[in-house]
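The values are calculated or read from the model by the stated rules, or taken from the named source; none is laboratory data. This is a predicted model, so every value here is computed, not measured. Here Cβ is always computed from backbone atoms with ideal geometry, including for glycine, and neighbour counts include all displayed protein chains. Surface accessibility is based on the protein's heavy atoms, side chains included, excluding ligands, DNA and RNA. Shrake-Rupley method; radii C 1.70, N 1.55, O 1.52, S 1.80 Å.
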Amino acid sequence: IMEHAIKDERFVNNRLSNLGIIGRSQAVIHIQDMIKRLAPRTSPVLILGESGVGKDLVAQALHDVSGRSSPSYVKVNCGALPKELAESELFGHMKGAFTGAVADKIGLFEAANDGTIFLDEIADLPLDLQVKVIRALDGKIRRIGETTERESTARVVAATNKNLDNARALGLFRDDLYSRIRGAKLQIPALRDRRDDIEDLANHFLAL
């Protein structure tokens with residue numbers, strides 16, 4: 001798969017600033033550099049950090065400054081997916097596949113084709129769906145009730161505030177899924193650990 005071409009440097013810096021990814025601390029400079037380096041790629045990215053540190057902003061930036069900025073960006077809160085509908089929401093279904101399936105439905109992975117799907121709180125996905133996400137990482141998805149697979153071209157960006165090592169030890173997160181998404185990890189520190197950024201952030205929000 002060919003990697004997408006990144007936008008010009010001025011656009012990238014403006015976009016990062018507009019999203020609030022600004023600061024002078026070494027942590028933020030590292031995050032900005034990693035976004036620029038990872039954005040053009042097609043491989044998965046795993047974003048780690050506490051709730052409220054801006055994992056969703058980093059995911060949006062990875063999409064916006066890449067060559068995938070025109071196609072779809074689809075955000076999924078995995079923890080909010082109803083268990084009985086989660087597979088249909090993610091992968092779609094065919095008409096008649098189950099009671100109430102009155103028409104074909106595309107899933108969120110399909111909707112994100114040629115774009116980015118952001119799996120927020122991926123650790124909350126049930127184990128059976130984690131298997132299907134692994135298959136999607138191989139570029140293949142299947143709607144419920146379908147006998148053949150479809151191509152998936154969505155780039156996967158995942159995030160969690162949980163300790164995945166603990167989740168794996170408890171059997172709540174699959175080792176093979178972790179091995180597929182851990183190749184590019186971004187750890188987002190809390191603001192209390194980067195106090196040098198407070199003034200820059202305050203000025204940014206006052207100027208809005």
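In table form, for the structure just shown:
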quantity	calculated
Subset of segment 177-188 that is open to solvent by 30 Å² or more (accessible area, probe 1.4 Å) and in a loop (DSSP other than H, G, I, E, B) - its residue that is farthest from Leu127 (Cα to Cα)	Gly183
Residue, farthest from Arg24 (Cα to Cα), within segment 150-170, restricted to residues that are without any contact (Cβ under 8 Å) to a residue 24 or more places away in the chain and either open to solvent by less than 40 Å² (accessible area, probe 1.4 Å) or not charged (D, E, K, R) (or both)	Leu170
Long-range neighbours under 8 Å by Cβ, at least six apart or interchain, first residue under 30 Å from Val156 (Cβ atoms) within segment 185-208, second open to solvent by 90 Å² or more (accessible area, probe 1.4 Å)	Asp197/Arg24
Test set (1) surrounded by 20 or more Cβ atoms within 10 Å (Cβ to Cβ); (2) modelled with pLDDT of 90 or more; (3) among the aliphatic types (A, V, I, L, M) - Met34 fails condition number	(1)
Residue under evaluation Ser88, criteria (1) under 12 Å from the mean Cα position of the chain (by Cα); (2) surrounded by 20 or more Cβ atoms within 10 Å (Cβ to Cβ), criterion not met	(1)
Conditions (1) more than 14 Å from the chain's Cα centre (by Cα); (2) open to solvent by 80 Å² or more (accessible area, probe 1.4 Å); (3) within 27 Å of Gly20 (Cα to Cα): number failed by Arg174	(3)
Verdict on Arg41 being outside any helix (DSSP H, G or I), open to solvent by 60 Å² or more (accessible area, probe 1.4 Å) and modelled with pLDDT of 90 or more	yes
Qualifying position, being free of Cβ contacts under 8 Å to residues at least 40 places away in the same chain, closer than 28 Å to Leu38 by Cβ and buried (at least 17 other Cβ atoms within 10 Å of the Cβ), among Gly107, Gly139, Gly115	Gly107
Filter result (of a type in the set (A, V, I, L, M, F, W, C) and surrounded by fewer than 18 Cβ atoms within 10 Å (Cβ to Cβ)) within segment 69-85	Ala80, Leu85
Candidate set from segment 47-59 (those that are surrounded by fewer than 22 Cβ atoms within 10 Å (Cβ to Cβ) and not small (Gly, Ala, Ser)); member that is nearest to Arg182 (Cα to Cα)	Leu48
